[in-house]
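All remarks here apply to the structure that follows.
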Amino acid sequence: MLSKVTYKQLPTHNGSRTKPCHRKTKGVCVIFLVIFVLGVGLHRAGFTHSFLGTRKCASYSLSTTGGLPTHYTLPSGDKIPSVALGLWKAGKNQVGNAVQAAVESGYQHLDGAWIYGNEAEVGAALKRTNIPREDIWLTSKLWNSFHDPEDVESALDASLSRLGTDYLDLYLIHWPLALNRDGSVYNQALTDDPYPTWKKLEELVDKGKIRNIGVSNFNIRRIQNLTANPLKYPPAVNQVEINFWFPQAELLAWSKEYGLLLEAYSPLGGDGRVGETLSVPVVKEIAAELGITPAQVINSWHVQRGTVVLPKSVTPCRVEENLHITKLPDELFEKLETAAISHEPKRGVNPSKSWGIDFDIFD
Ligand SMILES: NC(=O)c1ccc[n+]([C@@H]2O[C@H](COP(=O)([O-])OP(=O)(O)OC[C@H]3O[C@@H](n4cnc5c(N)ncnc54)[C@H](OP(=O)(O)O)[C@@H]3O)[C@@H](O)[C@H]2O)c1
Ligand SMILES: *[C@@H]1O[C@H](CO)[C@@H](O)[C@H](O)[C@H]1NC(C)=O
């Protein structure tokens, strides 16, 4: 059974956020307004970035998620937005601005984690934007050293308080690896059998602190092992690496058949490979043909394959660029799909060695 999708337009810009002019100061206000509009115009055209010599911003003419699902429906009935801002490596004094830029361009979904170490700044930024809590989808992840059922709730509470909220829309087991409480390697029982951790998460759903629970970096064997238990709530998603270099065609086909939604992490290839991804000839060709950017081609491809896409950027104009996707004509979609699955798959993220475990976490 496939997750049902809905075809609703994402909100575009919701207009000016400046305060209305007071009568007495109308003239001054008009002058400031002109300067403001000019400034915003130049900024959005990428002028400030290229002028300041930081990052170049692309120009394109997309404003909606033309023809692609804006949401997927989870087993709970909740609708998860198909595009999220990724928050890994979104650094101090950057992540807040990125979140603000995201909310202002219409994002309704943030993908964070306790281990990213930036939840307090994310929470503060959300507070500044005044976005109603129910208008934003917040995901966080349970870190490896908190899998012991006795540690799960306090780990969740830490994320909740930093984010400044009393519930998460989605909480994931970040990795199938359970570390010991002191961070040392490793708790074999809870790694081989995550059911006790899962049962605790189900309890926290019933307590109202989490709306949906899921997993991340789980292979088929691990999902089958977890779901062989009498689960009260099945996993809502599996968040895994998916990009042009590691397209995960087999896991994607299996997950669709099984009815488990995938979320594509490192969708642009990740930090080290994004440049390479965006200069793949077929990606550039499609971008030129459709008048969109290479990043938009890639983000569109992900959602067209039926996954949530989680591009990360702390560059405001890229944040906005990444929200705008469009259905690729079938022929171009197939061309890109074929290119992605025609080379040796190469993972970008595998911390097994750095954790010092003597097996591959993906085996
Ligand atoms: N569950 C897990 O274990 C796991 C693991 C990895 C990632 N994730 C999630 O997935 C998210 C994304 O993955 P990721 O950060 O590894 O990689 P990514 O989103 O594929 O790539 C991020 C890189 O691409 C650049 N970029 C973003 N948009 C761009 C654009 N439109 N044009 C040019 N460059 C652009 C960013 O630069 P700037 O920021 O400098 O603009 C950054 O260097 C993470 O933030 C996290 O939420 C989860
Ligand atoms: C999951 O795998 C572990 C380790 O092999 C095993 O002990 C456990 O019984 C499995 N769970 C189910 C429900 O099959």
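Gyration tensor over the Cα atoms of the range 123-184: the corresponding equivalent ellipsoid has semi-axes (square roots of 5 times the eigenvalues, largest first) of 26, 11, 9 Å.
For the range 68-123, the list of trypsin sites (Lys or Arg not before Pro) that fall in a loop by DSSP and count at most 14 other C-beta atoms within 10 angstrom reads LYS89, LYS92.
The protection proxy used here, the mean number of other Cβ atoms lying within 10 Å of each residue, ranks peptides 182-188, 170-176 as follows, highest first: 170-176, 182-188.
Protection proxy ranking of 122-133, 106-117, by the mean of other Cβ atoms within 10 Å over each peptide's residues and highest first, is 106-117, 122-133. For the set LYS284/LYS312; LYS79/LYS312; LYS89/LYS200, the pairs lying more than 23 angstrom apart at their alpha carbons are LYS89/LYS200.
With all pairs of different C-alpha atoms in the average, the Kirkwood value for the hydrodynamic radius of the range 204-363 is 17.0 Å.
What separates the Cα centres of the range 157-200 and the range 288-363 is a distance of 26 Å. When the inverse distances between all different Cα atoms of the range 94-160 are averaged and flipped, the Kirkwood radius reads 12.6 angstrom. Diffusion coefficient (Stokes-Einstein, Kirkwood radius over C-alpha pairs, 10 °C, 1.306 mPa s) for the range 158-297: 92 µm²/s, rounded to a whole number. Packing, as the average of other Cβ atoms within 10 Å across residues, places the peptides 352-360, 80-88 in the order 80-88, 352-360, highest first.
Values quoted throughout were computed directly from the atomic coordinates according to the rules given, and no laboratory measurement underlies them. Every value quoted in this text rests on a predicted model; they were computed, and no experiment measured them. Here Cβ is always computed from backbone atoms with ideal geometry, including for glycine, and neighbour counts include all displayed protein chains.
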